[in-house]
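A short worksheet on the structure shown next.
The values are calculated or read from the model by the stated rules, or taken from the named source; none is laboratory data. Predicted model, so just to flag it, every value in this text is computed and none were measured. FYI the Cβ positions are ideal-geometry reconstructions off the backbone, even for glycines, and counts take in every protein chain you see.
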Amino acid sequence: MSDKIKFTVDGQEGLAEPGQTIYEAAKANGIYIPVLCHFEGLKPVGSCRICSVKSNGRWMASCTQPVTQGMIIENMTPEVEEYRKALIEMLFVEGNHFCPACEKSGNCELQALAYRYQIMVPRFPYLFPKREIEAFPKFLLEHNRCVQCQRCVRGVQTEDGQKIFALHERSNNLRINVDRQLATEMSNEQVQQAMDICPVGAILKKEAGFRIPIGKRKFDYRPIGSEIEEKE
Amino acid sequence: MTKPVIATASLAGCFGCHMSFLDIDEKILNLIELVEFDKSPIDDIKSFTRPVDIGLIEGGCCNAENVEVLGYFRKNCRILISVGECAIMGGLPAMRNTIPLKECLEEAYIKSLTVAPEDAFIPNDEELPLLLDRVYPCHEIVKIDYFLPGCPPSADLIWEALSALIQGRPIKLDYQLIKYD
Amino acid sequence: MDYKKIISKYNLDRTRLIELLKDIQAAEGYISEKAVAEVAKAFRISIAEVEGLISFYHFLSARPLGKYVVYLNNSITSEMAGRQEVALAFEEEAGCPFGKTSSDGLITLMETSCIGMNDQEPAALINEVIFTRLNKEKVKKLASWMKQGKPVQEMVEEFGDGANSHELVKAMVKNNIRKSGPVIFDDYLAGTAIHKTLETSPEAVIDEIKKANLLGRGGAGFPTGLKWELCRKEKGPEHYVICNADEGEPGTFKDRVILTERPEMVFEGMVISGYAVGARQGILYLRHEYSYLKKYLENILKKMREQGLLGKNIAGRGFDFEVEIKMGAGAYICGEESALIESAEGKRGEPRDRPPFPVQKGYLNMPSTVNNVETLATATRIMANGSNWFRAMGTSVSAGTKVLSVSGDCDRPGIYEVEFGLTIDELLKMAGARETFAIQVGGPSGQCIGEPGFSRKICFSDLATGGSVIIFNSSRDLFSVVANFLDFFIEESCGWCLPCRAGNVLLKKKFEKIIKGTGTRQDLKEIEAWGKIIKTTSRCGLGQTSANPVLTTLTNFRKLYESKIVKEAEFISEFDLITAVAEACILTGRNFQEENEHV
């Protein structure tokens, strides 16, 4: 017991294993910290910053920051929540998110976060960037919806570790580039995995959209994160 | 006390939001008790007859007429609400926003398979409202006071928002009320 | 093209992948699809990954470029010195706009971020050769030579002062050392510091540097001794010492001059640091823009080996240390230490998450120190003259001197080595600045100060700076300065994290609304709030400082902003109906204004 790390989130005490990130430690203690780019089992990259928390006056991404002894973390404070809301809104204007026409609507984590934060309209102007839709033998890559979370980059690779999805360019031109050859060789299971790993409707397995009726979708009735919050 | 006055308009939308509004079912009877309608496709009043308290706008602005109507609403309504995805962010019509207007029109009126060669021209009748370079969310053109998302927003959301406004109480947003589809 | 032959030179060493790609580009003018496929196959990485690497760096190209590639600096000092006229002249001569190649495939025109020549602008790189103080006439001459096929190096007619005219440099670049100081630019007898260092223990070296209170000269001011100590304490089969010579902050050029005039001191600093932390290998990460110094610096290393100051058994004391020069490929973000390490490993220069810090897991995941050029040169002087001598200069918190790169509106732009504690007023006088309206200290990521702040001091406890100082007189439009800086950050963001990638674009949009005169009080509030969001939530120093051009001018020049907005307006739309229907009018042959006259 003695090597456990004591920490608090919004006053609630928790115990963590050494090496756990703030996000993991909070989750293990039934505390939800919203995340988007993070995916269970993948190395965190801290790209969306939605999981930002404040500790000792400093801001940090809870998906990458290890929890330390005695850490006092601000998670659901109005200040932290306001920044998160802004970041979610930023994602909505950065890409072209036409929810009504999206295969992932209802199961989309970006949309679910916006529902959780009750976003009625983004504070930022829509940028309407010009983006492409790329077709591969077994799937489509809808760049309009991509949030550059790098989940596919990290989670979908060849057996010998080659990147099928890779980051391309930089700045606001950053996008996902697919290795055509390797994409062609992907198995059906791997394509399904890619679609599942994508938090939004950017990677679409062909003939697999709109399968779940409205009312039965993941986030129709339960806010994202409630599975963690309801555990304890 | 006089009843609050409501006006509605559908700009670049599909009337789905108006349909959803009517979907409040028998509550519409309560609503009529509470409010009066002015300019609206629902009662077919074509122009404003008095100052309006709440204006509901469905659809974004895709042409010059939309802009004019929206401006007209802003002038005549104390509170203006963007109702639905199209009013809020352009909605599906805004899917053209990343394609040049020329390409859109040529695709529809010149290159389309169903266009007979002799009819291949871009409509230019003066009666037609001129298209804008892209579809604009309403709040980029005039000040909008409230936003009700959804495609369409559920009847319950519209009802809750309107009754809260009329009663002057804060709006209560249950999780299920906010949806973008 | 025999790609296999080029590839085989690199022994499938991933850390040299950028160098390999540069090699291919040098041979073929660009990196073709076929080359990418060959490289990917050889290294057993995906084609997408190689493409991603190429697309990250400004000076790597997957599309064919002209025989001559002009990279014209677009930083603010270049603008102030007449960049626009030069740009137009290039476009006229090449017959193509920037971003394109002339129809005969001869000349490609590219814009580029600050190339470290701010005291001699407008400046450009043509291929890898630097051309300074350009004007219309010079562009015409250069273009005519290009059309004759003259080698670029032969277009340099006059060489600069000091080592700029060395036979291995032969650059027209000028040092412009206006004020020399005791730490960096005073005479230095090669080997002095190394000999003294190797006479003591590594712990004693760290102790001496700590006693000197040497703080990092790159701008962040982290205590160098502590960094070395932390690195030394980390266990690992290898330790690495990295010299950060990737100064990319617009307005900074002091490392260029230090590397030109005091390279031995820099390299000795690396040896000293290597001895202190227990490293056998050092890397000088040199920005691509300074490629013209590479051969010269390699020659210095060669000489040091001959003198027994580098290599095996240094100074006969059994210490082995080598230095390798690694070239950047055009990315401001690589000045950030963890991004620099990624780049040195042959990857996209994306910052890492910390912890682990580079001193724990740096280059190849081994404990590494990353120090600025000036920091290492300063360490050399400290070891030669002692910490007491050093601490007698500067202020109590900020000991020693600082090399400043001064540019903009002043009579004597150039290099100033000054003691910490110098006030802005004193600096302005020294540089011959008149009617100064604003001064940018620390580059775009630093602060913009107005007259009330001119009594402030340059030191870590007041105005910290990596060295960039840009002066603006009252004829300058501060808003164009801010706009230029914002564009710089938008361009140079690596794009990894959302607030920096998208936030800066949105901030610029809002800023433009204010410049246009359509801003409201609400817009001012929002621009401040948005700037804070970016600053607070960004992943690395770039994003955490990218809003500074707006935030610091908003604080220090509030009245200027207030005068731009429409105070009484609650809401001003940027929408303009006439503009919005203009295209439809052309397509339909209608006239919107005429039609609406008789309504």
Quick check: is even one residue across the stretch B:86-107 more than 14 Å from chain C (Cβ to nearest Cβ) and polar (S, T, N, Q)?
yes
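Every residue, every condition in (1) within 16 Å of C:Y296 (Cα to Cα); (2) in contact (Cβ under 8 Å) with a residue 12 or more places away in the chain; (3) aromatic (F, W, Y), yes or no:
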residue: C:E128; (1), (2), (3): yes, yes, no
residue: C:P151; (1), (2), (3): no, no, no
residue: C:E154; (1), (2), (3): no, no, no
residue: C:E157; (1), (2), (3): no, yes, no
residue: C:A163; (1), (2), (3): yes, yes, no
residue: C:K170; (1), (2), (3): yes, yes, no
residue: C:T192; (1), (2), (3): no, yes, no
residue: C:L198; (1), (2), (3): no, yes, no
A:I31 passes all but one of the listed conditions (1) within 19 Å of A:I224 (Cα to Cα); (2) at pLDDT below 95; (3) not basic (K, R); the exception is number (2)
Exactly one of C:T380, C:T369 is in contact with a Gly (Cβ under 6 Å, 6 or more places away or on another chain) and buried (at least 21 other Cβ atoms within 10 Å of the Cβ), and that residue is C:T380
Within the stretch C:12-36, residues small (G, A, S), surrounded by 16 or more Cβ atoms within 10 Å (Cβ to Cβ) and part of a helix (DSSP H, G or I) come out as C:A35
Of the residues in the stretch B:76-85 that are under 16 Å from the mean Cα position of the chain (by Cα) and of a type outside the set (V, I, T), the one that is farthest from the other protein chains (Cβ to nearest Cβ) is B:N76
Matching residues in the stretch A:51-75 (out of contact with any Phe, Trp or Tyr (no Cβ under 9 Å at 6 or more places or on another chain) and either among the hydrophobic types (A, V, I, L, M, F, W, C) or assigned to a loop (DSSP other than H, G, I, E, B) (or both)) number 3
Those residues of the stretch B:154-181 which are outside any helix (DSSP H, G or I) and more than 26 Å from C:S573 (Cα to Cα) amount to B:S154, B:G168, B:R169, B:P170, B:I171, B:K172, B:L173, B:D174, B:I178, B:K179, B:D181
Can you confirm whether C:L65 is modelled with pLDDT of 95 or more and either more than 22 Å from the chain's Cα centre (by Cα) or within 21 Å of C:E28 (Cβ to Cβ) (or both)?
yes
Among C:L506, C:L486, the single one that is part of a helix (DSSP H, G or I), within 18 Å of C:C448 (Cβ to Cβ) and either among the aliphatic types (A, V, I, L, M) or touching a residue at least 24 places away in the same chain (Cβ under 8 Å) (or both) is C:L486
The correct count of residues that are more than 13 Å from C:L17 (Cα to Cα), of a type in the set (A, V, I, L, M) and surrounded by fewer than 23 Cβ atoms within 10 Å (Cβ to Cβ) in the stretch C:48-68 is 2
Test: residue in the stretch C:80-97 that is of a type in the set (K, R) and more than 23 Å from the chain's Cα centre (by Cα) | no
Scanning the stretch B:68-123 for residues that are among the hydroxyl-bearing types (S, T, Y) and under 16 Å from B:R134 (Cβ atoms) gives B:T98
Scanning the stretch C:61-118 residue by residue, those in contact with a Pro (Cβ under 6 Å, 6 or more places away or on another chain) and either under 15 Å from C:K140 (Cα atoms) or among the basic types (K, R) (or both) turn out to be C:R83, C:V86, C:E91
Residues of the stretch A:112-124 being over 20 Å from the mean Cα position of the chain (by Cα) and more than 7 Å from chain B (Cβ to nearest Cβ), in sequence order, are A:R123, A:F124
Expected single match for outside the structural domain of C:I333 (by TED's automatic domain parsing), touching an Asp or Glu at 6+ places or on another chain (Cβ under 8 Å) and not in a loop (DSSP other than H, G, I, E, B) among C:E526, C:E595 is C:E595
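Condition check ((1) part of a helix (DSSP H, G or I); (2) modelled with pLDDT under 95; (3) not assigned by TED's automatic domain parsing to the domain that holds C:I76) across all residues:
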residue: C:C96; (1), (2), (3): no, no, no
residue: C:D104; (1), (2), (3): no, no, no
residue: C:G116; (1), (2), (3): no, no, no
residue: C:V139; (1), (2), (3): yes, no, no
residue: C:K150; (1), (2), (3): no, no, no
residue: C:Q153; (1), (2), (3): yes, no, no
residue: C:V169; (1), (2), (3): no, no, yes
message: When you scan the stretch B:126-143, do you find a residue that is part of a loop (DSSP other than H, G, I, E, B), touching a helix residue (DSSP H, G or I) at 6+ places or on another chain (Cβ under 9 Å), aliphatic (A, V, I, L, M) and within 13 Å of chain A (Cβ to nearest Cβ), even just one?
response: yes
Of those in the stretch A:154-169 that are assigned to a loop (DSSP other than H, G, I, E, B) and touching a Lys or Arg at 6+ places or on another chain (Cβ under 8 Å), the residue farthest from the other protein chains (Cβ to nearest Cβ) is A:D160
Wholly inside the stretch C:374-461, strands (runs of 3 or more DSSP E) that include 3 or more residues that are in the same structural domain as C:C243 (by TED's automatic domain parsing) and farther than 18 Å from C:G218 by Cβ are none
Can you confirm whether the stretch B:93-101 contains a residue that is touching a Ser or Thr at 6+ places or on another chain (Cβ under 6 Å) and either over 24 Å from C:L577 (Cα atoms) or at pLDDT 95 or above (or both)? no
When restricted to C:G308, C:G274, the only residue in contact with a His (Cβ under 9 Å, 6 or more places away or on another chain), under 23 Å from C:H239 (Cα atoms) and either of a type outside the set (K, R) or assigned to a helix (DSSP H, G or I) (or both) is C:G274
Taking the stretch C:529-545 and keeping residues within 11 Å of another protein chain (Cβ to nearest Cβ), of a type outside the set (V, I, T) and in a helix (DSSP H, G or I) leaves C:A529, C:W530, C:K532, C:K535, C:L542, C:G543, C:Q544
The one condition C:V323 fails out of (1) in contact with a Phe, Trp or Tyr (Cβ under 7 Å, 6 or more places away or on another chain); (2) more than 19 Å from C:S75 (Cβ to Cβ); (3) assigned to a loop (DSSP other than H, G, I, E, B) is (3)
Checked pairs for the stretch A:84-100, first over 17 Å from B:A94 (Cβ atoms) and within 8 Å of chain B (Cβ to nearest Cβ), second part of a helix (DSSP H, G or I) and small (G, A, S), C-beta under 7 Å and 6 or more apart or across chains, list as none
Filtering the stretch C:328-357 for residues that are touching a residue at least 60 places away in the same chain (Cβ under 8 Å) and either polar (S, T, N, Q) or assigned to a loop (DSSP other than H, G, I, E, B) (or both) leaves a count of 16
For the stretch C:546-592 the number of residues that are within 14 Å of another protein chain (Cβ to nearest Cβ), buried (at least 19 other Cβ atoms within 10 Å of the Cβ) and in a loop (DSSP other than H, G, I, E, B) is 1
